[in-house]
Each structure stands twice: as C-alpha cells, then as structure tokens.
Amino acid sequence: MDERGELASNVTDVALIFEGGGMRVAHSAGVVSTLLEAGIHFDFVAGISAGSSCTVNYLSRDSRRAKLSFVEFAADPNFGSVWTFLQGKGWFNAHYIYEETGGPGQALPFDFGTFAANPAQCRIGSFECDTGQSVYWTKDDLATLPALMRRVRASSTMPILMPPVEIDGRTYVDGALGPCGGFAIDAARAAGFTRFFVVMSREREYRKEPNKWPWLFRAWFRKFPAVAEAVNERWKNYNRTREELFDLQSSGEACLFIPERMMVSNSTVEVAKLQASYDDGLAQAQRELPRWREFLEMV
C-alpha cells in the first residue's frame, strides 16, 4: 500500500504499448496522465525508446514525472547540446538524463519503490549491436534503480545522436531498430496477449521514408554493421507494423491512440512548444477516454 492506494491491476487481458519518438513523447505523456488519473492500470506494459520512459513512469504511477521528463526537464542546462555531443556524451546528454537524475533529490526523482511493488509485467526493448537482435528486459533485469535506468537509457539511445550503451559486456542502441520498427507488439504476443492498447506518436497519415544517407550509418557503425543495416531497413519495418496495427484496430483487436496533430519533432527542446504538445495530448486523451473504457470493457 502507498499513498496512491493498492498497486493492483484492473486490465489483465490487454497489453499497453508505448511507441517512442524522442521529444514527441511529450504528447504521449498526456496519455500517461489520463490513464493514471482515470485509475486504468494495465497488467502488462511495454515500451521502446522514449516509450520506455513512459512505461516506467506509468508503472511507478507518477504522472508528474511523466510530464516533467518531456517538458520542463528540457530546460535543464545539462540536458544536452552540440557541446555535449562533441564531448562524446550525446546530443542528448544520456548518462545525465537517465543515470544521474532519478535518485532522491535529483532533477527527476523516480519512485522505484512503487515501480518494484507494482505487480504488472514490464518489457523494455533495445537492440543488440553485435548480433542485430532485439532484446526485451523484464523486471528480473530491472531489480535496482541503476539497472532500470541504464536499460531505459539503452532502449532510448538514438544512433549517432547518443553513444551506445554497454550492459554485461554487450552493446546496445535504440530498440526501435528491431523488426517491429519501434512497437513492442512482438513482446506482448510472446507474453500471450491478443488485444492491444497502443500509444502512437505520429499522425495516421505519416509514412516513414527510406534513409537519405545510408552511407553515413555504414561508416559510423562500421564496427556494428547490423546497426547500419537495421537503420537503413527501419522505414520498411515501421510502416509495415503501423499497417498491421491499423488492421488490428479495424478488427477490434487493438485500440490505438493516434495524435490528431504532432506539434514537435523528436529533438524539440523549447519548453513552451513541449508544454503545448503535452496539453494537446492530454486534451485528446481525455476526449477519447470513453472510447478506451468501452474497448477495455470498463464502462
């Protein structure tokens, strides 16, 4: 028991999946807030890239941190810049963002006690550079705050913009390079789920285009050719999985939250723009809440 009540799940037959998208997830944070405020608690939650931050914030039942992570925190002078990139720390200062700020008294304190006590299953997706395989970490791998945050960082490590992350002798980058293009539907299916609630970060009409500079990634990741190949193939995987999700929505097997508009990019750092995107996502989520309840049979 904590101040927010018993940590029980009340949705056990639908998997909650968060797409990534860098700072576009400021919009998705409005969904996290709406779900938590409505008392909708999924028993299985999976996220990739910035969606992994949504996942752990949701499971720690912390709507305030969900917003701070993608809105106000962008004003932190240590958040990242071209200078941190030139220092090898990343355009987004990854070690600081994920591994320094989550402790008590830090910029983004994380409620690890609530996360650990929450009975819901968790999956954090990343991409292994050496083998070219997707990996999903479970709560068994997330037993301490440092272990959790390093894996959230690995999941969120955008190629080139952020340095790869080593864990137990393996090297990882952004989980969106996997065969599902950034949607952890494969992890949900592996856990036995056939119904899905997916929080997306692109408008319905969006389609990803082929990489304009395939040679750049081949040169940058010459030590990890599987990464370069995955980057250059991602547009196909991403578009294919989105079409599959739209089909699942049509058949009644998925409920999709699709932004009506996306006001920011994955690298936006202007707090006013991020705040506007969060507000937009929150308003849309609240309008859609009755539809969600109907899909989840919580009417």
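Identify the residue in the stretch 137-163 that is more than 20 Å from W91 (Cβ to Cβ) and surrounded by 21 or more Cβ atoms within 10 Å (Cβ to Cβ) and, among all such residues, is nearest to the chain's Cα centre (by Cα). Per the stated criteria, the residue is R151. Across the stretch 191-215, the number of residues qualifying as over 22 Å from S277 (Cβ atoms) and in contact (Cβ under 8 Å) with a residue 40 or more places away in the chain comes to 5. Being under 22 Å from T194 (Cα atoms) and in a helix (DSSP H, G or I) is a description that applies to R293.
Determine whether the stretch 140-157 contains at least one residue that is of a type in the set (D, E) and touching a residue at least 24 places away in the same chain (Cβ under 8 Å). Checked the stretch 140-157: no residue is of a type in the set (D, E) and touching a residue at least 24 places away in the same chain (Cβ under 8 Å). For the stretch 248-279, a residue qualifies if it is in a helix (DSSP H, G or I), open to solvent by less than 30 Å² (accessible area, probe 1.4 Å) and not small (G, A, S), and the qualifying residues are L248, L274, Y278.
Within the span defined as the stretch 86-102, one or more residues are within 20 Å of A66 (Cβ to Cβ) and of a type in the set (A, V, I, L, M). Counting only residues that are buried (at least 18 other Cβ atoms within 10 Å of the Cβ) and part of a helix (DSSP H, G or I), the stretch 212-231 holds 5 of them.
None of F115, F127, F92 is open to solvent by less than 20 Å² (accessible area, probe 1.4 Å), modelled with pLDDT of 95 or more, of a type in the set (F, W, Y) and not in a helix (DSSP H, G or I) except F127.
The residues of the stretch 95-112 that are assigned to a loop (DSSP other than H, G, I, E, B) and open to solvent by less than 40 Å² (accessible area, probe 1.4 Å), listed by number, are T101, G102, G103, L108, F110. Pairs only if they're at least six apart or on different chains, beta carbon under 8 angstrom, first in the stretch 1-16 and modelled with pLDDT of 95 or more, second open to solvent by 80 Å² or more (accessible area, probe 1.4 Å); list them, first residue then second. Close Cβ pairs satisfying both conditions: none exist. Can you tell me which residues in the stretch 196-217 are closer than 16 Å to V173 by Cα and at pLDDT 95 or above? Correct list: empty.
The values are calculated or read from the model by the stated rules, or taken from the named source; none is laboratory data. Here the structure is a predicted model, which is why all the values come from computation and not from measurement. Note: ideal-geometry Cβ built from the backbone for every residue, glycine included; neighbour counts use all protein chains shown. When the accessible area is computed, the model is the full protein with side chains, heavy atoms only, and any ligands, DNA or RNA have been set aside. Shrake-Rupley method; radii C 1.70, N 1.55, O 1.52, S 1.80 Å.
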